[in-house]
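Data block below; observations after.
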Amino acid sequence: MTEYTPFRQLFITPVLPFLRDGSIDEAGYRALLRRFLTPENLDAGVAIVANPEAGEIYTLDRAERNRVVEITLEEVAGRTPVLGGVAHVTTAGMVECAKDVEAAGVDGLFILPPIDSADITLSWNADAYPEVFLDVSRRSRTRSTCRR
């Protein structure tokens, strides 16, 4: 596992390119990742979030989400931390996704609320109701091999 100081990293959330038929443009995604994985960026503390909260995460099926994490880990090759995006429209799906990215070998989880963060961001009062996000995080937590 890569050594890092939590919250010191510059987190990159790459947008996933697609081919005309709607499938993942794996070569394009690899090329995009390599643009971020320069010696200068690695020295500056860049980290990558595979499957961040961009619109495409909600259009990918389980196998596609897992493939994005696999490609990201291959390209990063241990040079910097990789966080696995955990997003789904149900809590059960969130748990499944968290287990998948953890099993793939990510360094941590990038947990998003079910459905999308827009609903939570625009209308949620975190001071009055912290349990909304805490409940999702607790249920998504697996056997604790990821650094949190």
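The values are calculated or read from the model by the stated rules, or taken from the named source; none is laboratory data. This one's a predicted model, so the numbers in the text were calculated from it and none came from an experiment. Backbone-built Cβ (ideal geometry, glycine too); neighbour counts: all protein chains shown. Just so you know, the surface numbers come from the protein's heavy atoms only, side chains and all, with ligands and any DNA or RNA stripped out. Shrake-Rupley method; radii C 1.70, N 1.55, O 1.52, S 1.80 Å.
Data overview
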{"read-out": "Probe 1.4 Å, protein heavy atoms only - accessible area per residue of region 1-112 in square angstrom", "value": "49"}
{"read-out": "For region 75-101 versus region 19-40, the gap between their alpha-carbon centres in whole angstrom", "value": "18"}
{"read-out": "For Val86, distant residues with modelled amide H under 5 Å away", "value": "Phe110, Ile111, Leu112"}
{"read-out": "Summed residue charge, Cβ within 15 Å of Ala77's Cβ, Lys/Arg positive, Asp/Glu negative", "value": "-1"}
{"read-out": "Protection proxy ranking of 75-84, 61-70 - average other beta-carbon atoms within 10 Å, highest first", "value": "75-84, 61-70"}
